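Below: the structure, in structure tokens.
The values are calculated or read from the model by the stated rules, or taken from the named source; none is laboratory data. Here the structure is a predicted model, which means the values were calculated and not measured. Cβ coordinates were reconstructed from backbone atoms using ideal geometry, including for glycine residues, and neighbour counts include every protein chain displayed. Heads up: the accessible areas ignore ligands, DNA and RNA and are worked out on the full protein's heavy atoms, side chains in. Shrake-Rupley method; radii C 1.70, N 1.55, O 1.52, S 1.80 Å.
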Amino acid sequence: KRVAILISGGGSNMVALAKSMTGDHPARPCLVLSNVPGAGGLAKAAEMGIPTAVVDHRDFKGDREAFERAMIAAIDPHAPDVIAMAGFMRILTPAFIGHYAGRMLNIHPSLLPKYRGLNTHLRAIEAGDAEAGCSVHEVTAELDGGPVLGQARVPVQPGDTPETLAARILACEHALYPAVLRRFVEGERGFLSL
Ligand code: GRF
């Protein structure tokens, strides 16, 4: 199976996913695409020998559909079976999501359905939550709303800042996403709790 990974920044989740796809793993990374030129993850992908592409959303002056058509044109020649969004920070329209229906995953740094959207760590701290975490879900037209395939939970500690909590959760993302991706590729759809 072939996995295309979409990033916007450092790509630490992309690295974790790529490193997991070795040996008897049924999938291999076929492309890393970024909407941000020069994103740190692009250099990491190139070092790992993974083809890369950039489709800069700023070149499409707010024409979301044109941007997404350009992304599809960059992705589909690599014939991915699965699209894994990993720190990809653009909202996608139902047209793009429909094109990859049923084979697109995303990782979100909260215990969905809590805290869809941004600033998840600050919101968990301000709410006084004892726990926080991350979720891998199938991507549907509803933002951060698709079926949740796995979650990892961490304690919120006294004195936590959004940064300290984010770091604790990011480490969990790097374990959760590869585990869920492998199950997804192998046809598993049950919920994984780490
Ligand atoms: C992180 O905030 C992570 O929680 C979320 O995307 C951001 C960047 O991740 N999934 P990465 O290092 O680019 O994978």
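General observations
- The listed residue being within 14 Å of the ligand (Cβ to nearest atom), more than 16 Å from ALA179 (Cβ to Cβ), hydrophobic (A, V, I, L, M, F, W, C) and open to solvent by 10 Å² or more (accessible area, probe 1.4 Å), out of LEU33, LEU6, LEU42: LEU42
- Residue within the stretch 154-171 that is within 13 Å of the chain's Cα centre (by Cα), open to solvent by 20 Å² or more (accessible area, probe 1.4 Å) and within 12 Å of the ligand (Cβ to nearest atom) present: yes
- Residue check, ARG58 in a helix (DSSP H, G or I), surrounded by 15 or more Cβ atoms within 10 Å (Cβ to Cβ), on the phi < 0 side of the Ramachandran plot and over 15 Å from the mean Cα position of the chain (by Cα): no
- Answer residue from the stretch 93-107, given it is away from the ligand (no atom under 12 Å from the Cβ) and under 13 Å from the mean Cα position of the chain (by Cα) and is surrounded by the fewest Cβ atoms within 10 Å (Cβ to Cβ) among those: ARG103
- Scanning the stretch 127-139 for any residue that is at pLDDT 95 or above, more than 19 Å from SER193 (Cα to Cα) and open to solvent by 40 Å² or more (accessible area, probe 1.4 Å) turns up at least one such residue.
- Matching residues in the stretch 70-88 - criterion: being within 16 Å of the ligand (Cβ to nearest atom) and either touching a Lys or Arg at 6+ places or on another chain (Cβ under 7 Å) or open to solvent by less than 10 Å² (accessible area, probe 1.4 Å) (or both): ILE83, ALA84, ALA86
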